[in-house]
Amino acid sequence: SVSDEAARARRFLERLPEKQRLCVALRIDEGMSFKEIGEVIGSSEGAARVSYFHGIRKLREWMT
C-alpha cells in the first residue's frame, strides 16, 4: 500500500548521510528551494542541489 511504501521510504531516508537526509526532507516535506536549503545547511545552492540528487539516487537504488 501507499502508506507501507511511505514508511519504507522514511526508513531508508534515515540511513542517508545527514546532509543528504536534510536536503531531501527539506525539499520534499517543506517544499524549500535549493537556495533556501543551502542557507539552512550552511552551503551553497549548488551543493544543496548535489546533496539532494545524491540522496534521491541512493533512495531509488535501495527501494528497487
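Each reported figure results from applying straightforward, stated rules to the coordinates on display, with no laboratory input. In this text, all values refer to a predicted model and were calculated from it rather than measured experimentally.
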note = Computed ³J(HN,Hα) along the stretch 26-41: with the Karplus parameters 6.51/-1.76/1.60, θ = phi - 60°, integer Hz and x for glycine or proline, the list is 5, 5, 7, 6, 9, x, 6, 6, 5, 4, 5, 4, x, 5, 5, 8
remark   = Full extension between residue 44 and residue 30 adds, at 0.36 nm per residue less the Cα distance, a length in nm of 3.2 nm
query = Using Cα atoms only, what is the angle between the long axis of helix 45-63 and the major principal axis of the chain, expressed in degrees (0 to 90) to the nearest 10?
reply = 10
request  = Quote to one decimal, in nm, the extra length available between residue 53 and residue 11 on full extension: 0.36 nm per residue of separation minus the C-alpha distance between them.
outcome  = 13.3 nm
request  = Convert each backbone phi in the stretch 13-22 into a coupling constant with the Karplus relation 6.51 cos²θ - 1.76 cosθ + 1.60 (shift: θ = phi - 60°), then list the ³J(HN,Hα) values in order as whole Hz, x for Gly and Pro.
outcome  = 4, 5, 7, 5, x, 3, 5, 5, 4, 4
ask   = What are the residues whose amide H is under 5 Å from the amide H of residue 32, where those residues sit 5 or more places off or on another chain and H is modelled from the backbone?
value = 27
